[in-house]
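Since every read-out is calculated from the coordinates, none of them should be taken as a lab result. Quantities reported herein were computed from a predicted structural model and do not represent experimental measurements. Here the Cβ positions follow ideal geometry from the backbone for every residue, glycine too, while neighbour counts run over all protein chains shown.
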Amino acid sequence: MIYYVAAIVLVAFVFDFINGFHDSANSIATIVGTRVLSPFAAVLWAALFNFTAAFTAGELVAKAIQKGIIRTEIVTPNLILAGLLGAIAWNLITWVYGIPSSSSHALIGGYAGAGVAKVGWSAITWGTKWVQTLSFIVISPLVGMLAGFALMVAVYWIFQRMAPARVDRFFRAAQLASSALLSHAHGANDAQKTMGIIAGLLVSVNSLTAQQTGFFHHLHVSDDGIPLWVKMGAYSAISLGTFFGGWRIVHTMGSRITRLRPVSGFAAETGGALAISLATHYGIPVSTTHTIAGSIMGAGATYRFSAVRWGIARRIVWAWLITIPASGAMAAVSYWMLALGGLR
């Protein structure tokens with residue numbers, strides 16, 4: 001059994017890697033779209049700042065995932081595994097089609113779907129964290145859009161007397177900072193979600209791991225904190241995923257929603273980073289995809305409303321709406337298959 005638990009921890013880190021591969025592309029899309037950095041340099045830059053969040057972010061988002069989605073007393077290794085499989089399956093499907101859906105909401109949907117498959121709708125802890133999570137499906141892209149739009153208006157006003165060539169040179173440098181800020185914000189929010197899932201798994205098998213000695217004794221945790229190895233593993237996995245990139249989604253986010261320049265890239269990244277960091281501060285799991293997409297739309301709309309390709313935007317919105325139920329359904333099927341195989 002202890003080997004099974006260790007294998008599920010590895011699956012969680014695989015999900016975190018895929019999260020980085022799938023979602024972190026959003027934090028480099030604008031800097032690639034504006035051609036400030038090459039794709040290789042951009043993913044290296046983003047991976048570095050994803051990892052720096054390990055030293056500054058707290059655990060509020062991780063605790064929200066661990067305790068705020070389903071009842072903790074029903075959590076078992078198989079439930080965790082089914083939730084992860086549902087989230088991974090949905091992430092891979094959306095990656096194949098280049099749809100920038102939310103890995104965060106895929107994980108939440110998968111976790112909830114596996115719980116419902118086990119005990120029914122009573123598994124869900126209908127409370128503050130669900131209200132925040134569902135609300136921010138709408139709020140986070142709107143906040144990102146308003147922030148991107150407001151920053152672009154402020155830039156126009158401040159730099160109105162500067163020659164366009166000088167403005168472009170200035171914001172090519174400034175976009176390095178804004179891209180780093182966005183990558184840091186992404187790592188701080190998204191890596192914590194995997195940390196919360198692993199913590200939930202390890203707490204559920206405390207009676208088993210308490211008896212372990214040697215290497216497997218590190219799987220024993222208290223209910224109060226998240227072990228350092230879990231934190232470092234989560235941030236390392238998401239950073240490596242970022243490094244290997246998700247080029248289909250980079251193309252969608254960086255060039256197909258609207259045409260970006262360094263100045264609008266800076267506004268979009270900064271607006272998105274501020275919105276994500278605010279949510280992280282209050283322990284709200286949000287989607288980097290949602291937020292940066294909204295920021296890009298807001299920045300692009302300052303040129304003219306038609307500058308945003310709203311057809312692509314509508315496709316993204318549909319993906320947002322179906323991610324939680326779709327990943328939840330896949331997780332439920334995964335749980336029933338594990339149960340048919342004799343695992344409970």
Using the Cα centre of the chain as origin and beta-carbon charges of +1 (Lys, Arg) and -1 (Asp, Glu), tell me which of I276, I197, A331 is placed farthest towards the positive end of the dipole.
I276
Kindly provide log₁₀ I(q)/I(0) values, in the same order as q = 0.12, 0.20 Å⁻¹, from the Debye equation applied to equal alpha-carbon scatterers of region 1-143.
-0.58, -1.39
So for region 138-186, what are the equivalent ellipsoid semi-axes in whole Å, largest first, each being the square root of 5 times an eigenvalue of the Cα gyration tensor?
23, 16, 6
Beyond 28 Å, what percent of the Cα pairs of region 2-340 remain?
37 percent
Selection from S236, W126, S104, by position along the positive dipole direction of the chain (Cβ):
S104
Quickly work out the T213-to-F170 label distance, labels modelled 7 Å from Cα along the C-beta direction, and quote it in nm with one decimal.
6.7 nm
Which of rounded, prolate or oblate describes region 103-240 when judged by the alpha-carbon gyration tensor and an a/c cut-off of 1.5?
oblate
Please work out how much length the chain gains when fully extended from V153 to W336, using 0.36 nm per residue of separation minus the C-alpha to C-alpha distance, in nm with one decimal.
60.6 nm
Toy charge model, Lys and Arg Cβ at +1, Asp and Glu Cβ at -1: the chain dipole around Cα centroid in debye, rounded to 20, equals 1060 debye
Cβ-based exposure ranking for L176, L219, L202, L321, in which fewest neighbours within 10 Å come first:
L321, L176, L219, L202
Per 0.36 nm of contour for each residue apart, how much would the distance between H281 and I124 grow if the chain were fully extended, relative to their Cα-Cα spacing?
54.1 nm
